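Presented below is the structure to which this report refers.
The values are calculated or read from the model by the stated rules, or taken from the named source; none is laboratory data. Please read these numbers as outputs of a predicted model, since none were measured by experiment. Glycine also receives a Cβ, built like all others from the backbone with ideal geometry; neighbour counts cover every protein chain displayed. Each accessible area value is taken on the protein alone, full model and side chains, heavy atoms only, with ligands, DNA and RNA left out. Shrake-Rupley method; radii C 1.70, N 1.55, O 1.52, S 1.80 Å.
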Amino acid sequence: MANTISIYNFKGGVGKTTTALNLGISWSKSFKVLLVDFDPQCNLTNSIAGDHQSTTVFTYLKKIMHDHDVNPQPEEITPYLHLIPGDLQMTQTESNNQFISFGRSMIEKLLMHFRNDYDFIIMDCPTNFGVLVKSIIGASKNILIPAIADNFSLTGVQTLMTYLAAVENQSLNILGVFFNMFNGSMNLTAKKFEESKATFGSLILDCTVSRSIKVGEANDIGKSIGDYSPDNTAAHDFMKLSEELLSKFHSQTLNPDYVLPELLEKMRD
């Protein structure tokens, strides 16, 4: 049974797509991995399969919405790495009454087609915490949260944990928050890391991923940083991160101490 993983943060520019791509390629060296591009911007799809001819995630969900038979055929990137391409039309789900009511179950139905065929299903989420993101996280077993030390705040983590509580997925495992584009030689980023570890403990992953222009270059041609520039520091960092995460599955539920009660009450009203 596949481990489903949502890659999410409500802050933009933290490297959600980069994380999905690099973890997917790294794990596909040893496991069978499916990438699902739920972000209407389709950056993951454009990076790894820009000229794809495969059916998009929106088309599959639309068929499920109308009770049509679905026989998903992901695009093969490598024998052990497959992709369901993104679609700009995913923006329509936010205003579709049927998806608003049943989006979570629709995504669960889609994922059920793949749970026995893959070891990992990695889902790249949009930034907006709307119906689509709530449905994706609600249908996930795990969530991974990329962050950047420069704009990291303790209150921001509490806000995000409150968002997750509002989804009401009691079985959701929080793999953790990791610092991406990290520069440990800067006093500010080092201080943010130590501060966050002291406050949130195991919620903050030990591994950080260094800032490198090579990561962007690798993204542009649909490669992981490990394949594009194997001696690069960020390549070693992503490898360590992928290894650390393998020990985090089914280990960390949402800590209610990190939830903001007043915000949660407002979100449920």
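Contact map, segment 4-28: first residue more than 15 Å from VAL215 (Cα to Cα) and touching a residue at least 24 places away in the same chain (Cβ under 8 Å), second residue of a type in the set (Phe, Trp, Tyr) and surrounded by fewer than 24 Cβ atoms within 10 Å (Cβ to Cβ), Cβ cut-off under 7 Å, separation 6 or more or different chains; pairs are ILE5/PHE120; PHE10/PHE129; PHE10/TYR163; TRP27/PHE120; SER28/TYR80. If you go through segment 223-252 and keep only what is within 17 Å of the chain's Cα centre (by Cα) and open to solvent by less than 20 Å² (accessible area, probe 1.4 Å), you end up with SER224, PHE238, LEU241, SER242, LEU245. For segment 210-222, taking the residues that are closer than 14 Å to LEU21 by Cα and either among the β-branched types (Val, Ile, Thr) or assigned to a loop (DSSP other than H, G, I, E, B) (or both), the one that is most open to solvent (accessible area, probe 1.4 Å) is identified as ILE221. The set of residues from segment 158-198 being open to solvent by less than 40 Å² (accessible area, probe 1.4 Å), assigned to a loop (DSSP other than H, G, I, E, B) and not hydrophobic (A, V, I, L, M, F, W, C) comprises ASN169, ASN180. Candidates are the residues of segment 148-157 that are surrounded by 15 or more Cβ atoms within 10 Å (Cβ to Cβ) and closer than 14 Å to PHE200 by Cα; the one that is modelled with the lowest pLDDT is PHE152.
In segment 12-31 there is no residue that is part of a loop (DSSP other than H, G, I, E, B), in contact with a helix residue (DSSP H, G or I) (Cβ under 7 Å, 6 or more places away or on another chain) and either of a type in the set (A, V, I, L, M, F, W, C) or at pLDDT below 95 (or both). Set side by side, the residues ASP119, ASP124 differ, and just one is charged (D, E, K, R), at pLDDT 95 or above and open to solvent by less than 10 Å² (accessible area, probe 1.4 Å), which is ASP124.
Answer yes or no as to whether SER101 is polar (S, T, N, Q), touching a Leu at 6+ places or on another chain (Cβ under 9 Å) and either in a loop (DSSP other than H, G, I, E, B) or open to solvent by 20 Å² or more (accessible area, probe 1.4 Å) (or both). If you could, list the steps in order and put the result at the bottom.
Numbers: polar (S, T, N, Q): yes; touching a Leu at 6+ places or on another chain (Cβ under 9 Å): no; either in a loop (DSSP other than H, G, I, E, B) or open to solvent by 20 Å² or more (accessible area, probe 1.4 Å) (or both): yes.
Against the criterion (polar (S, T, N, Q), touching a Leu at 6+ places or on another chain (Cβ under 9 Å) and either in a loop (DSSP other than H, G, I, E, B) or open to solvent by 20 Å² or more (accessible area, probe 1.4 Å) (or both)), SER101 does not qualify.
Within the group PHE114, PHE129, which residue is touching a residue at least 60 places away in the same chain (Cβ under 8 Å), part of a loop (DSSP other than H, G, I, E, B) and over 21 Å from GLY24 (Cα atoms)? Show your work before the answer.
Values: PHE114 fails: over 21 Å from GLY24 (Cα atoms).
Of PHE114, PHE129, the one residue that is touching a residue at least 60 places away in the same chain (Cβ under 8 Å), part of a loop (DSSP other than H, G, I, E, B) and over 21 Å from GLY24 (Cα atoms) is PHE129.
If I filter segment 40-79 down to residues being among the charged types (D, E, K, R) and open to solvent by 50 Å² or more (accessible area, probe 1.4 Å), which single residue comes out as farthest from HIS113 (Cα to Cα)? Restricting to residues being among the charged types (D, E, K, R) and open to solvent by 50 Å² or more (accessible area, probe 1.4 Å), the top hit is ASP51. Any residue in segment 84-92 that is more than 30 Å from LYS192 (Cα to Cα), open to solvent by 20 Å² or more (accessible area, probe 1.4 Å) and aliphatic (A, V, I, L, M)? Scanning segment 84-92, I find at least one residue that is more than 30 Å from LYS192 (Cα to Cα), open to solvent by 20 Å² or more (accessible area, probe 1.4 Å) and aliphatic (A, V, I, L, M), so the answer is yes. Taking the stated definitions as given, is LYS141 out of contact with any Cys (no Cβ under 9 Å at 6 or more places or on another chain), under 30 Å from LEU203 (Cβ atoms) and surrounded by 17 or more Cβ atoms within 10 Å (Cβ to Cβ)? Against the criterion (out of contact with any Cys (no Cβ under 9 Å at 6 or more places or on another chain), under 30 Å from LEU203 (Cβ atoms) and surrounded by 17 or more Cβ atoms within 10 Å (Cβ to Cβ)), LYS141 qualifies.
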